[in-house]
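To keep things clear, I will list the structure first and then write my remarks on it.
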Amino acid sequence: MKPPATGALRTRLTLLQPLDGLDDNGGFTQSYVPLASLWGEIVPTHARDRFRAGRMEVSITHHITLRAFAGLTGEMRLATATRSFLIHGLEDVDALARFVLCHCEEIRP
């Protein structure tokens, strides 16, 4: 896979790190806190409708290319001002650890 073209990383993204905590009933909660601001390229790859748990769901997947970031894991999320993405997998774009391709699914409210 080729690295992104100059100027392709033009979408501002926030890298969100999971933060585990306790709730009032002795259980656990998970929230996400901002870790870093990054520039990236978002490319939609696939969309599908599925009937699940008695209702229709839409799944939209994307490839998001970023400059490599130390400590980036699949447990983190990416967000723009209006959209959020689950990271399902990470791939080294050019085998030089300069760019990473995130296989993501958009989180729909």
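None of the figures in this text is laboratory data; all of them are computed from the coordinates on show. Note that the structure is predicted; figures quoted are calculated from it, not measured. Glycine also receives a Cβ, built like all others from the backbone with ideal geometry; neighbour counts cover every protein chain displayed.
With +1 assigned to the C-beta of every Lys and Arg and -1 to the C-beta of every Asp and Glu, and no other charges, what is the dipole magnitude of the stretch 55-109 about the Cα centre in debye, to the nearest 20? Before the final figure, lay out each step's value.
Working: 6 positive and 7 negative charges, 47 e Å.
The calculated dipole for the stretch 55-109 is roughly 220 debye.
Note down the magnitude of the dipole of the chain about its Cα centre, charges +1 on Lys and Arg C-beta and -1 on Asp and Glu C-beta and zero elsewhere, to the nearest 20 debye.
440 debye
Once a ≥ b ≥ c are taken as the square roots of the eigenvalues of the Cα gyration tensor of the stretch 26-73, is the result rounded (a/c under 1.5), prolate (a/b larger than b/c) or oblate (a/b not larger than b/c)?
oblate
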Let me see the P(r) profile for the chain: every Cα-Cα distance counted, bins of 10 Å, each bin given as a percent of all pairs.
13, 41, 30, 13, 2, 0
Arrange 31, 59 by Cβ neighbour counts within 10 Å, fewest through most, would you?
31, 59
